[in-house]
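Q: Just passing along the structure, written as structure tokens.
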Amino acid sequence: MKQDRNVLQISSNSVVNVYAFDSTIIDLCLAVFWWAKFRKKKGGIKVYTLYDVETQIPTFFHITEVSVHDSKAMNEIPYESGSYYIFDRTYNNFKMLYKIHLIGAFFVVRTKKNLQYKSIKWTRRLPKNVLSDALIELIGFFSRRY
């Protein structure tokens, strides 16, 4: 089966890296892995993976205890300027997203339902596979602060 290699073509002039980041929990037997205690009778670890969307190869792994919140692992990612990073809604860490912006990288993150924002500028001519694109301003107290 032939795969389309330009699913996420962002710019036709240059090569752009697109990464997806997420975690998975691996359950472990507490009798053997006593150091991985999660609950009274449950053990496990969390494996975070940075996945290169174009090559379909994981490029970075980070392992923590299960109790570590997903947004804390964002600090460990080796970000590259000019690259795009795709996150799920558990990664709404505004301080870290701002740091990604400062190094010249870009991100896409699903928002939580209660995010308070206002649209500032809409992109008009979009590729057929993009539903909408807007520049927003965060208006909630804590989200604006971070």
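The values are calculated or read from the model by the stated rules, or taken from the named source; none is laboratory data. Just so you know, these numbers come straight off a predicted model, no measurement behind them. Every residue, glycine among them, receives a Cβ derived from its backbone with ideal geometry; neighbour counts consider all protein chains shown. When the accessible area is computed, the model is the full protein with side chains, heavy atoms only, and any ligands, DNA or RNA have been set aside. Shrake-Rupley method; radii C 1.70, N 1.55, O 1.52, S 1.80 Å.
Q: Which of the strands (runs of 3 or more DSSP E) found entirely inside the range 83-138 contain at least 1 residues meeting this: in contact with a Ser or Thr (Cβ under 8 Å, 6 or more places away or on another chain) and open to solvent by less than 60 Å² (accessible area, probe 1.4 Å)?
A: Answer list for the range 83-138: 134-138.
Q: If you don't mind, another one. Need pairs with beta-carbon distance below 7 Å; first residue farther than 23 Å from residue 82 by Cβ and in contact (Cβ under 8 Å) with a residue 24 or more places away in the chain and within the range 98-126, second open to solvent by less than 80 Å² (accessible area, probe 1.4 Å) and hydroxyl-bearing (Ser, Thr, Tyr); sequence gap 6+ or separate chains.
A: Close Cβ pairs (under 7 Å, with a partner that is open to solvent by less than 80 Å² (accessible area, probe 1.4 Å) and hydroxyl-bearing (Ser, Thr, Tyr)) amount to 115/143; 116/143.
Q: Separate question: Would you call residue 143 exposed (fewer than 10 other Cβ atoms within 10 Å of the Cβ), within 20 Å of the chain's Cα centre (by Cα) and not aromatic (Phe, Trp, Tyr)?
A: So residue 143 fails the test.
Q: On the basis of being modelled with pLDDT of 85 or more, closer than 17 Å to residue 23 by Cα and among the charged types (D, E, K, R), does residue 99 make the cut?
A: no
Q: Moving on. Of all residues in the range 17-44, which are open to solvent by 80 Å² or more (accessible area, probe 1.4 Å) and either at pLDDT below 80 or in a loop (DSSP other than H, G, I, E, B) (or both)?
A: Correct list: 31, 32, 34, 35, 37, 39, 40, 41, 42.
Q: Something else: Any idea which residue in the range 60-82 is farthest from residue 110 (Cα to Cα), counting only those that are hydroxyl-bearing (Ser, Thr, Tyr) and surrounded by 14 or more Cβ atoms within 10 Å (Cβ to Cβ)?
A: Per the criteria, the residue is 64.
Q: Return the residues of the range 45-56 that are of a type outside the set (Ser, Thr, Tyr), under 18 Å from residue 79 (Cβ atoms) and open to solvent by 30 Å² or more (accessible area, probe 1.4 Å); say none if nothing qualifies.
A: 53, 54 - these are the residues of the range 45-56 that are of a type outside the set (Ser, Thr, Tyr), under 18 Å from residue 79 (Cβ atoms) and open to solvent by 30 Å² or more (accessible area, probe 1.4 Å).
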